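Have a look at the structure below, then the notes.
Each reported figure results from applying straightforward, stated rules to the coordinates on display, with no laboratory input. Note that the coordinates shown come from a computational prediction; the quantities given were computed from them, not determined experimentally. Glycine also receives a Cβ, built like all others from the backbone with ideal geometry; neighbour counts cover every protein chain displayed.
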Amino acid sequence: VNVASPASHVLDELTVPIVLAPLAGGPSTPELAAAVANAGGLGFLGAGYLSGDALRERIVATRALTAGAIGVNVFVISGEASSPEVYSDYVDALGPDAGEPRFDDDAFDAKVDVLVSTPVPVVSFTFALPPARAVERLRAAGSEIWITVTTPEEARLAAEAGADALVLQGAEAGGHRGAFDDDTVPIALLPLLQMVHRQTTLPLVATGGIATPGAVAAVLDAGASAAAIGTAFMLAPEAGTSPAHRDAIASPTPTALTRAFTGKLARGIRNRFMDEHPDAPSSYPEIHYATAPIRAAARESGNADLINLWAGEAHQLAEARPAEEIVRALIPRE
Ligand SMILES: Cc1cc2nc3c(=O)[nH]c(=O)nc-3n(C[C@H](O)[C@H](O)[C@H](O)COP(=O)(O)O)c2cc1C
């Protein structure tokens, strides 16, 4: 049964069909979310890696900068801890600078509590279906529920779980795959959008590799209600993107999919660390914690060889200009 509401009111009310894709782990800031909202799009805060308190501070900071539409994206880490046999050889191979692998659920309950007491128009989930109880509580607080999916089957499950809109993440997308199962083969955005559009009446938000007004127009024409854009905002001054990451995004170096940094499949700009660890195990967030000190030191020293340079396939089209200008430049021509 599809218990979802028939339409997304937030999408209906946007003055431009542009969503800032959630960008946890640095690039996401209140300033970036507010700038996109002030330009008539939907601003997003990535809640990933934050404590509940830090999330509340960012929501309050964003609200001080915009009265426009904003959303918060939450990771759903549904599985259990991996057994050490899965990751111990890999962690040993990382050498003495590696951190302790450990499992946690990224403070899921604390984040839902914050979002119930400090509601935002949209709460989106990635990596798995959100628990029914969280969906009920957030909906009662007035939020729409969006779920990221990467296959027609995940779209069907998300509709059954009561999503108000589906975020369709194509293979082109930067950052972690939102797939419910880490072994899922990524599908390119246009095939995914065409297939899911055929099977559901839910509003669809297309994401992955979109960086020009022509690409926004293409996904709208293929059935999307809006385009969610990540990498094309990462050079904006409002973004928290690190200097080494900015340089890589501006370069023509191609991207690849990897588990080397976090134990979960993700797309980033190819670098030495990825090439040296082609067979990293699927074990999230254990590997994320094991590589965290290595990545932090590399960010500090500006060593792009050891940083997770998350970016979508069209990253060389990103422009270093204010986010409001980027939104305006993405609006499809009449
Ligand atoms: C640096 C970075 C961080 C990301 N963090 C998140 C996140 O926290 N939650 C999420 O659902 N998706 C995340 N993504 C994926 C984006 O939301 C989106 O799917 C992707 O950026 C779309 O492709 P594009 O980068 O080519 O526009 C991230 C992507 C990048 C590049």
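General remarks:
- DSSP loop trypsin sites (Lys or Arg not before Pro) with at most 11 other Cβ within 10 Å: longest gap in the chain: 103-332
- Ala222 versus Ala141: modelled label distance in nm, points set 7 Å from Cα along the beta carbon direction: 3.4
- All Cα-Cα separations within the chain were binned at 20 Å from zero, giving a P(r) of 34, 61, 5, each value a whole percent of the pairs.
- GluC sites (Glu not before Pro) within the range 73-178, DSSP loop, no more than 11 other Cβ atoms inside 10 Å: Glu80
- The antiparallel fraction among DSSP beta bridges confined to the chain stands at about 20%.
- Per-residue 3J(HN,Hα) values for the range 99-106, derived from phi via the Karplus relation 6.51 cos²θ - 1.76 cosθ + 1.60 with θ = phi - 60°, read x, 6, x, 8, 10, 7, 9, 6 Hz in sequence order (x marks Gly and Pro).
- Per-residue HN-Hα couplings for the range 217-230 [Karplus 6.51, -1.76, 1.60; θ = phi - 60°; Hz; x = Gly/Pro]: 4, 5, 6, 5, 5, 8, x, 7, 8, 7, 10, 9, 10, x
- Taking amide H as placed 1.01 Å from N in the peptide plane, the amide H of Glu144 sits under 5 Å from that of Val122, Val123, each at least 5 places away or on another chain.
- Taking other residues whose beta carbon is less than 11 angstrom from the beta carbon of Phe273, and scoring Lys, Arg as +1 and Asp, Glu as -1, yields 0.
- Comparing Gly95, Gly170, Gly142 in a Gaussian network model of the chain (Cα springs below 10 Å), the most mobile by mean-square fluctuation is Gly95.
- Selected from Val120, Val60, Val76 as most flexible by GNM, with the chain as the system and alpha-carbon contacts under 10 Å: Val60
- The Cβ shell under 14 Å around Glu154 holds other residues with a net charge of -3, Lys and Arg each +1, Asp and Glu each -1.
- Helical contribution to [θ] at 222 nm, DSSP H n ≥ 4, -39,500 (n - 2.57), averaged over the chain, rounded to 500: -10500 deg cm²/dmol
- Cleavage-rule hits (chymotrypsin sites (Phe, Trp or Tyr not before Pro)) in the range 44-132: DSSP loop, at most 12 neighbouring Cβ within 10 angstrom: none
- Under the Karplus curve 6.51 cos²θ - 1.76 cosθ + 1.60, θ = phi - 60°, whole-Hz ³J(HN,Hα) for the range 160-169, x wherever Gly or Pro sits: 4, 6, x, 4, 8, 7, 10, 9, 8, 9
- Using the Cβ of Glu324 as centre and a radius below 14 Å, the other residues enclosed give a net charge of -2, where K and R count +1 and D and E count -1.
- Of all the options Gly223, Gly208, Gly41, the one that moves most in a Gaussian network model of the chain with Cα springs shorter than 10 angstrom is Gly223.
- Rounded to the nearest 10 degrees, the inclination of helix 189-199 to the longest alpha-carbon principal axis of the chain is 50 degrees.
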